[in-house]
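Just so it is clear, none of the values below were taken in a lab; they were calculated from the coordinates. Every value quoted in this text rests on a predicted model; they were computed, and no experiment measured them. Cβ sites come from the backbone with ideal geometry, for glycine too, and all protein chains shown count toward neighbours.
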Amino acid sequence: MSRIGKKPVSVPSGVTANVEGQTIKVKGPKGALQLVLHDDVKATMDKGAIKVDPRFETKRARSQWGTARTLVSNLMTGVTKGFEEKLEINGVGYRAAVQGKNLQLQLGYSHDVVYPIPEGIAIVTPKPTEITITGSDKQKVGQVAAEIRDFRSPEPYKGKGVKYVGEYIFRKEGKKK
């Protein structure tokens, strides 16, 4: 039995939520999001909260139950507080800057990497070696952070590259003479 799935997701004040079949639509101060649930689970609106239940007693339905509840919870958090991911750039001459609707990255290549900022995502660079990605959709924020990190992921010898703040890079010892 899912312990996460049993707990209903409360709808905070200032947020409107609609459940229409398998689609959940949420609108709040940070924007509007929607989610289509898996066919093995059903959602119902009950006393200012959304409750997710499995339709069948199969293993797949029980595994989707907790996942669906967490996705609904992420919708509520996204439209009220939003999500944030921070990246750190290490390396001599490596830097980032936002120019218009593009993120300009200098990562040691012979050319600058230009990343177009997707709709619904805000990117700021408080320092040339820090990137902060914010948005209301958790999946989109994480995907953008992963794409930027993939341009130059950190290497294990000197630690040069783009990494998440707080990420530990396993370091290797170099060649010995």
- Placed amide H near residue 117: partners under 5 Å, 5+ positions off or other chain: 102, 103
- Quotient of Cα radius of gyration and Kirkwood radius for the range 83-164, i.e. Rg/Rh, equals 0.94
- Message: Calculate the FRET efficiency for residue 122 and residue 57 from the Cβ-Cβ distance with a Förster distance of 41 Å, rounded to the nearest 0.05.
- Response: 0.40
- By the mean-Cβ-within-10 Å protection proxy, highest first, 68-80, 101-113, 23-35 rank as 68-80, 23-35, 101-113
- Item | Spherically averaged projected area of the range 3-80 from its Cα convex hull (nm²) | 4.5 nm²
- Query: How high is the FRET efficiency between residue 84 and residue 177 when r is their beta carbon distance and R₀ equals 41 Å, given to the nearest 0.05?
  - Reply: 0.35
- Identify all aspartates and glutamates with a Cα-Cα distance to residue 30 below 16 Å; exclude those on the same chain that are fewer than 8 residues away in sequence. 84, 119, 137
- R0 = 22 Å: FRET efficiency of residue 101 with residue 147, Cβ-based, nearest 0.05? 0.90
- Message: If the only charges are +1 at each Lys and Arg Cβ and -1 at each Asp and Glu Cβ, what is the size of the charge dipole of the chain around the Cα centre, to the nearest 20 debye?
- Response: 660 debye
- Task: Fewest Cβ neighbours within 10 Å first, please rank 170, 151 accordingly.
- Result: 170, 151
- If each residue's Cβ is checked for other Cβ atoms within 10 Å, how do 85, 130, 20 rank with the fewest at the top? 20, 130, 85
- Angstrom value of the Kirkwood radius, inverse mean 1/r, which spans all Cα pairs in the chain: 18.6 Å
